[in-house]
Amino acid sequence: MVGLGPKPPPSRKGSFVDVPKDLLKEIEELEQLFTVDSDKLKQITNHFVNELEKGLSVEGGSIPMNPTWVMAFPTGHETGTYLALDMGGTNLRVCQITLTDQKSEFDIIQSKYRLPEELKVGDADELWEYIADCLLQFVETHHNDINNVDKIPLGFTFSYPATQNYIDEGILQRWTKGFDIPGVEGHNIVPMFEAALERRGVPIKLSALINDTTGTLIASAYTDPTMKIGCIFGTGCNAAYMEDCGSIPKLAHLNLPPETPMAINCEWGAFDNEHKVLPRTPYDMKIDADSPRPGQQAFEKMIAGLYLGEIFRLVMIDLHDNHEANIFANQDISKLRRPYSLDSSFLSAIEDDPFENLSETADLFQNQLGITPNGPELELIRRTAELVGTRAARLSACGVAAICKKKGYNECHVGADGSVFNKYPHFKARGAAALREILDWPEKTDPNEEDPIEILAAEDGSGVGAALIAALTLKRVQEGNMHGILHPENFA
Ligand code: BGC
């Protein structure tokens, strides 16, 4: 399959012959709970298309469909030096990107800083101070005399749902991905960030606040003009695409030229918050109820990396505590009881175990959890991981198919990034298979043939994408397009 890299090694065959009846029954029940068949995928996709439309309407819906004020695709001829800050779910990354005179080429230097867990649920000022410190350190390292540096334009990738009346504004709608910092929701984060920079004397001016999906869309289109959608399948999950202003009723009052493009950050993690179509299991409901924002991000909570390990963990606990099968009987499962103790790399490792006897999975359970599963339990563990991972990939495809249906894209490339997309075994192939089912493509005659819609690894959205968006914004301001600019003085 094009874009999927070298052929994977033959996978293990696996067999349930030695699995006793009671465990087999549990496996079958899990299969029923977690399998999403073609008809259901189509039903979800059709509902998704309507919800995308609703999000663009004046009344709105649960998918926010945030206009981003990114109003053009790059030509490949953008130039200049920009800083990019990426406040992701796990790390802070600061980059300096130079878009060179060579078409679609760039140089990048970057530093990563760990985002301490306590900052994610702590005090807002501490977060902004920490970010300003990282930026100061970066600028001091790469510029000799920071007192004599002109303010450097920065693209800030802030990957949470934010209302943007302007590209240099972002009113946080709600924290996602487990963040819970009081006093930020409902406020424009840009002045908070700028005040921290000011206090530290960091010579930076913010040119654009960006979502990681919009960055991914623009960075991917820089090198491949057939890229029409940018997706993130990582700690969180979301997509952005280019809409025409004339198709965004909630912006009609601004009288923007109808053909002008406007990137929309869908925030599709909120799809089906009202629980109309997604086949939620009791495990999904528990994750939601115990999360810092119950009722929010229904779709994301079934798909994103932050939750995959947790879904799996809840299944294991349930089968130990409440089911006749009583897996891990008489063992100390206290480590397994710790919420969020298994991340998606734990599931990846299970699905990657090449051995028929699942010895790597056994080691993993032993080393990380102090549990010694027997042979049939290992089979159940493997099957559960497959079910959770497969469901995530198949549901993801519904979002991509919905945007393509809405826009009438029969053929295009979709740029995707994030740990789940890049590292989770079979995620790409399972997603591609689901797209084929949803969109009724005929079977391939030649295995090397491209699919009409291919989801491919994206360029670096929160680095190069952020720099490009800063460049595109400076360019349009210079050309006199002042729509969605709050502080023109920063673009002089
Ligand atoms: C956020 C989005 C982001 C996605 C991927 C979600 O939780 O709401 O803004 O694009 O995660 O990082």
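Only the coordinates and a few stated rules stand behind these numbers; no lab work does. These figures come from a predicted structure and were not determined experimentally. Quick reminder, even Gly has a Cβ in these numbers, built from the backbone with ideal geometry, and neighbours come from all protein chains shown.
Points worth noting:
- Cα Rg over Rh - region 417-492, Kirkwood: 1.22
- Using the Cβ-Cβ distance between residue 367 and residue 11 with R0 = 22 Å, the FRET efficiency computed as 1/(1 + (r/R0)^6) comes to roughly 0.40.
- Relative packing of 315-324, 439-448, 245-254, which averages over residues the other C-beta atoms within 10 Å, highest first: 315-324, 245-254, 439-448
- Region 350-446: C-alpha pair distances exceeding 15 Å, %: 68 percent
- As a rough footprinting exposure proxy, the listed residues 384, 214, 81 were ranked by other beta carbons within 10 Å of their own, and the order from fewest upward is 81, 384, 214.
- Each Cα pair of region 232-302 feeds into the Kirkwood radius, which the Stokes-Einstein equation turns, at 10 °C and 1.306 mPa s, into a diffusion coefficient of 113 µm²/s.
- Normalised by 2.2 N^0.38 Å, with N the number of residues, the alpha-carbon radius of gyration of the chain equals 1.00.
- Of every Cα-Cα pair in region 268-336, the percent that sits beyond 16 Å: 50 percent
- The fraction of all Cα pairs in region 26-106 landing in successive 10 Å bins from 0 to the largest distance is 13, 19, 23, 27, 14, 4, 0, given as whole percents.
- Taking other C-beta atoms within 10 Å as the exposure proxy, 184, 149, 414 rank 149, 184, 414 from fewest upward.
- Taking one quarter of the surface of the convex hull spanned by the alpha-carbon atoms of region 144-252 gives a direction-averaged projected area of 9.5 nm².
- Note on region 13-156: with charges restricted to the Cβ of Lys and Arg (+1) and Asp and Glu (-1), its dipole about the Cα centre is near 440 debye.
- Overall Cα dimensions of region 293-384 - principal axes, largest extent first, Å: 39, 29, 20
- Radius of gyration, Dmax [region 237-376; alpha carbons; angstrom]: 21.1, 69
- FRET efficiency for residue 126 and residue 46, using Cβ-Cβ distance with R0 set to 51 Å, rounded to 0.05: 0.70
- Per the Debye calculation on region 22-169 with a single equal scatterer at every Cα and no solvent contribution, log₁₀ I(q)/I(0) for q = 0.14, 0.17, 0.21 Å⁻¹ amounts to -0.96, -1.11, -1.29.
- For the chain, no complete DSSP H run has alpha carbons reaching 24 Å or more along its own long axis together with a mean Kyte-Doolittle score of 1.0 or higher.
- Counting only the Cα atoms, region 238-278 fills a convex hull of 84 Å³ per residue.
- Per-selection Kirkwood Rh - region 173-217 (Cα, Å, 1 d.p.): 12.6 Å
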